[in-house]
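A short worksheet on the structure shown next.
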Amino acid sequence: MVSCVNIFGGFLVTSRMLDMFKRPTDPPDYSYLYGIPASAFIGAFGYGRYIGVEDITQMAYLAGSVGCIGGIAGLAQQKTARAGNAMGMMGVGIGSTGALMSVEWPSMVPLQIGGLAIIGGSAGLAIAQRVQVTELPQMVAAFHSLVGLAAVMTSIGSHLKEVGHFPYDPLAGVHMGGIYAGTFIGAVTFTGSIIAFLKLNEQMSSSALNLPGKNYINIGMAGLCLGTGYTYMTGVAMVPSLLSCAMVAGALTLA
């Protein structure tokens, strides 16, 4: 649900920001036509999964990745930004569909996922539609904070789901490293984006926070993050280590 607030609202905010720079002489925008090949691919993917085609999930991941990379490249220039936004939507849609349909869910779980996605997406669209044009930059920061929150929640959820397999998995170290990195980066992203929102919204001073011994505080918190990383990777108090990492990493953006 948190991710859907950001995904739906973020794409709409991006579209509204692009509309700010639209000129009367610009050619008509037909980027919505990207929805045709995206829908066709998703339909073909669903049919392939239904008849048991092997490796079709990897094709969905590849197509989704290409769409997201194309979206980032397109957004880098104003003249291709609208196409980039559409390609980003296409990539996220295909990638999300591939990920969700690759798992054999219990009977009621897809309905729960769909319901939460509708709630989150509707909330994101409503917020993005009602926000004033002059408030769009801070809204981007607010939506971006949800990316960090979703990363933390996903990382901790992944740990809870997979921790029982770690003693027997030869690649457990890689998985654990990814979980810890996701928790750390997500927490920094979450609090950093919240601070950016407050500063852009003039609810917080834009000047740097100068605490006594600021550098020593930062070094100490970085050391704590390394320490919790060590305890997590060695299997000692794993969940408390992740939670401690999230709290300390979030505080790093304040000092």
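The values are calculated or read from the model by the stated rules, or taken from the named source; none is laboratory data. Bear in mind the structure is a predicted one, so any value in this text is a computation, not a measurement. Note that we place each Cβ from the backbone using ideal geometry, even for glycine, and neighbour counts take in every protein chain shown. Surface accessibility is based on the protein's heavy atoms, side chains included, excluding ligands, DNA and RNA. Shrake-Rupley method; radii C 1.70, N 1.55, O 1.52, S 1.80 Å.
For region 22-56, how many residues meet the condition of being touching a Gly at 6+ places or on another chain (Cβ under 8 Å), of a type in the set (Val, Ile, Thr) and within 22 Å of residue 82 (Cβ to Cβ)?
Final tally of qualifying residues: 1.
Looking at (1) in a loop (DSSP other than H, G, I, E, B); (2) within 15 Å of the chain's Cα centre (by Cα), which is the only condition residue 203 fails?
Single failed check for residue 203: (2).
Would it be correct to say that residue 16 is open to solvent by 60 Å² or more (accessible area, probe 1.4 Å), charged (D, E, K, R) and in contact (Cβ under 8 Å) with a residue 12 or more places away in the chain?
no
Kindly indicate the residue of region 57-72 that is in contact with a Ser or Thr (Cβ under 9 Å, 6 or more places away or on another chain) and open to solvent by less than 80 Å² (accessible area, probe 1.4 Å) and also farthest from residue 92 (Cα to Cα) among those meeting that condition.
The residue in question is 57.
Residues of region 94-124 being buried (at least 17 other Cβ atoms within 10 Å of the Cβ) and not polar (S, T, N, Q), which ones?
The answer is 94, 95, 98, 101, 117, 120, 121, 124.
Residue 31 versus (1) buried (at least 17 other Cβ atoms within 10 Å of the Cβ); (2) under 30 Å from residue 153 (Cα atoms): which is the lone unmet condition?
Against the list (1) buried (at least 17 other Cβ atoms within 10 Å of the Cβ); (2) under 30 Å from residue 153 (Cα atoms), residue 31 comes up short only on (2).
Please count how many residues of region 38-56 are part of a helix (DSSP H, G or I) and open to solvent by 70 Å² or more (accessible area, probe 1.4 Å).
Final tally of qualifying residues: 5.
Would you point out the residue of region 206-221, among those that are part of a helix (DSSP H, G or I) and open to solvent by 70 Å² or more (accessible area, probe 1.4 Å), that is nearest to residue 150 (Cα to Cα)?
Checking each candidate, the answer is 219.
Being among the polar types (S, T, N, Q) and in a helix (DSSP H, G or I) narrows it down to one residue among 96, 107; which is it?
96
Look at region 132-162 and say how many of its residues are of a type in the set (A, V, I, L, M, F, W, C) and either open to solvent by 70 Å² or more (accessible area, probe 1.4 Å) or in contact with a Lys or Arg (Cβ under 8 Å, 6 or more places away or on another chain) (or both).
4
A quick yes/no check of all residues on (1) modelled with pLDDT of 85 or more; (2) assigned to a helix (DSSP H, G or I); (3) in contact with a Phe, Trp or Tyr (Cβ under 9 Å, 6 or more places away or on another chain); (4) of a type in the set (S, T, N, Q):
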position	(1), (2), (3), (4)
23	no, no, no, no
58	no, yes, no, yes
63	yes, yes, yes, no
66	yes, yes, no, no
74	yes, yes, no, no
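Which of the residues spanning region 73-93 are more than 13 Å from residue 34 (Cα to Cα) and open to solvent by 50 Å² or more (accessible area, probe 1.4 Å)?
73, 75, 76, 77, 78, 79, 80, listed by residue number.
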